[in-house]
Amino acid sequence: MQEKLEKLKELKMLFVEDEPDLINIISTTLTKLNLNFLTANDGEEALEIYKNNLDIDLIITDINMPKMNGLALIENVRDIDSSLPVIVMSAHTEQEYIKKAAQLGVTSYLLKPFDFIKFIDLVSKLDIK
């Protein structure tokens, strides 16, 4: 597990989630793990953060959010960087979401509730950088 965490420490991640309790839990845990991350409350905010931080290595986004949903965020990010790894975290398992995410080149799909062990395992296996 320590080896996986060391790999994560090399990354700059952007978490996009509109549920305050969940983003708070994620932020608290990632801070304790000493990871480099930014957060956004919706897709619109996330896109602005990304445009101002093009050194972000990975985006983890919810789908259903106010202002701009996760799929629209991914479409906009793809216009800037078609190869940036993106993980969707969502409670939605509808095929339309999964299919659209796949069409946008989403790297992986994590189901809520958010599981840090699965997340760490997944990200440590990605070929980033």
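The values are calculated or read from the model by the stated rules, or taken from the named source; none is laboratory data. Note that the coordinates shown come from a computational prediction; the quantities given were computed from them, not determined experimentally. Note: ideal-geometry Cβ built from the backbone for every residue, glycine included; neighbour counts use all protein chains shown.
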Residue among 99, 112, 67, 118 that alone is in contact with a helix residue (DSSP H, G or I) (Cβ under 7 Å, 6 or more places away or on another chain) and surrounded by fewer than 16 Cβ atoms within 10 Å (Cβ to Cβ) = 67
Near pairs, Cβ below 7 angstrom, 6+ apart or cross-chain, from segment 12-24 (free of Cβ contacts under 8 Å to residues at least 40 places away in the same chain) to any residue that is outside any strand (DSSP E or B) and crowded, with 22+ Cβ neighbours inside 10 Å = 23/17
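Yes or no, residue by residue, for (1) part of a helix (DSSP H, G or I); (2) not hydroxyl-bearing (Ser, Thr, Tyr):
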| site | (1), (2) |
| --- | --- |
| 6 | yes, yes |
| 22 | yes, yes |
| 49 | yes, yes |
| 63 | no, yes |
| 66 | no, yes |
| 74 | yes, yes |
| 77 | yes, yes |
| 82 | no, no |
| 87 | no, yes |
note = The correct count of residues that are among the aliphatic types (A, V, I, L, M) and in a loop (DSSP other than H, G, I, E, B) in segment 99-121 is 2
Filter result (more than 21 Å from residue 2 (Cα to Cα) and outside any strand (DSSP E or B)) within segment 31-47 = 41, 42, 43, 44, 45, 46, 47
message = Against the condition in contact (Cβ under 8 Å) with a residue 12 or more places away in the chain, aliphatic (A, V, I, L, M) and within 16 Å of residue 110 (Cβ to Cβ), how does residue 77 come out, does it pass?
response = no
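Would you mention how many residues in segment 40-76 are in contact with an Asp or Glu (Cβ under 7 Å, 6 or more places away or on another chain), modelled with pLDDT of 95 or more and farther than 16 Å from residue 90 by Cβ? Write out each step before concluding.
We begin by selecting, within segment 40-76, every residue in contact with an Asp or Glu (Cβ under 7 Å, 6 or more places away or on another chain); these are 41-42, 62, 65-68, 70.
Still in the running and modelled with pLDDT of 95 or more: 41-42.
Next, only the ones that are farther than 16 Å from residue 90 by Cβ stay: none.
Qualifying residue count for the region: 0.
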key: Cβ pairs under 7 Å, 6+ apart, first in segment 90-108 and among the charged types (D, E, K, R) and modelled with pLDDT of 80 or more, second crowded, with 19+ Cβ neighbours inside 10 Å and not in a strand (DSSP E or B)   = 100/71
ask   = So how many residues does segment 94-103 have that are in contact with a strand residue (DSSP E or B) (Cβ under 9 Å, 6 or more places away or on another chain) and closer than 11 Å to residue 63 by Cβ?
value = 3
query = Exactly one of (1) in contact with a Ser or Thr (Cβ under 8 Å, 6 or more places away or on another chain); (2) surrounded by fewer than 12 Cβ atoms within 10 Å (Cβ to Cβ) is unmet by residue 4. Its number?
reply = (2)
query = If you check residue 73 against the conditions, is it touching a helix residue (DSSP H, G or I) at 6+ places or on another chain (Cβ under 6 Å), farther than 21 Å from residue 123 by Cβ and aliphatic (A, V, I, L, M)?
reply = no
